[in-house]
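To start, the structure itself, in structure tokens.
The values are calculated or read from the model by the stated rules, or taken from the named source; none is laboratory data. Because the structure is predicted, anything quoted here is derived from the model rather than measured. For neighbour counting, all protein chains shown are included, and Cβ atoms are generated from backbone atoms with ideal geometry for every residue, glycine included. When the accessible area is computed, the model is the full protein with side chains, heavy atoms only, and any ligands, DNA or RNA have been set aside. Shrake-Rupley method; radii C 1.70, N 1.55, O 1.52, S 1.80 Å.
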Amino acid sequence: MKWRIITLDEVDSTNEYAKRLIPNVEEGTVVIARRQSSGKGRRGRTWASPEGGLWMSVVLKPPEIDPRLVFVGALAVADTLEEFGIDAWVKWPNDVWVGERKISGTLTEAKIGFAIMGIGLNVNNDIPEELKGYAVSMRELLGEPVDLESLTQRVLSDLDRWYGVFLEDPLIVVEGVKRKTLLLGRTVRVLREDGELVGRAIDISDDGSLLLDVDGQTVKVVYGDVSVRINL
Ligand code: BT5
């Protein structure tokens, strides 16, 4: 992929900015902002985006909108972190964690055949007071700041590789998530709009759903607005 990077000082949300470019935008356009004033998580949640982090959105045009695409961003970030000596794991469906703290979240949105993949990664930024204990940054883990420019290039190259894998065979992406997650075999609590579900995570199915064993019954949790809670 030939990435074309647009760098902004401040924006509401790089995902919103990228969506405003559609349809007059080419695949491979990347929007990066130093700060976001209204960084978004899923379902209207807020994503804290102070200066020093990596806040970016990548415009893709996959042949079809496939929910398994959301894993591509998380796998790329997990690989990049590993290259920096940080042992990270993917929390289905869209987060990257280090131990019991969240370091990265992705938000993939679809708009008329385009997919906007937003990636937020705490790099050198401070963690806001209200997220202390829940979130962590690379700087905190490594004990020194990271060169944001080269880190961004690494994430983009890992993303390029995982997107290529996805285009060739999305099942390999699902395999990647299975390898990189700590959920399987553990008891998890899934929070859905219609309530809560507690069970043992047994597998991730070929279509990317999380399979839970709930009192001996297999329950399929499809990607959507689910939050998974786990005690490591
Ligand atoms: C996500 O949502 O994890 C998706 C985050 C995507 C952010 C990127 S940044 C570039 C692009 N532009 C955007 O506007 N968004 C994308 P969700 O699974 O809903 O998690 C949101 C929750 O994570 C919040 O409710 C907080 O608890 C927590 N959180 C917020 N900011 C955080 C941060 N900087 N680091 C770790 N956790 C955070």
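For the reader, a short list of remarks on this structure follows.
- Positions within the range 122-135 being near the ligand (Cβ under 8 Å from one of its atoms) and either among the hydrophobic types (A, V, I, L, M, F, W, C) or within 20 Å of A33 (Cβ to Cβ) (or both), in sequence order: N122, N125, I127, P128, L131, A135
- If you check V146, V165 for being of a type in the set (V, I, T), open to solvent by 30 Å² or more (accessible area, probe 1.4 Å), more than 9 Å from the ligand (Cβ to nearest atom) and farther than 22 Å from R189 by Cβ, only one passes: V165.
- When the range 171-224 is limited to residues that are more than 19 Å from R68 (Cβ to Cβ) and of a type in the set (S, T, Y), the one that is surrounded by the fewest Cβ atoms within 10 Å (Cβ to Cβ) turns out to be T218.
- Of all residues in the range 51-80, exactly one satisfies the criterion of being open to solvent by 50 Å² or more (accessible area, probe 1.4 Å) and within 13 Å of the ligand (Cβ to nearest atom), namely E51.
- Restricting the range 35-50 to residues that are within 15 Å of S227 (Cα to Cα) and open to solvent by 60 Å² or more (accessible area, probe 1.4 Å), the residue that is farthest from the ligand (Cβ to nearest atom): G44
- The set of residues from the range 128-143 being assigned to a loop (DSSP other than H, G, I, E, B) and open to solvent by 20 Å² or more (accessible area, probe 1.4 Å) comprises P128, G133, Y134, G143.
- Among residues of the range 151-171 that are acidic (D, E) and assigned to a helix (DSSP H, G or I), those with a beta-carbon under 6 Å from a residue that is modelled with pLDDT under 95 and open to solvent by 40 Å² or more (accessible area, probe 1.4 Å) at least six positions away or on a different chain give the pairs D160/M1.
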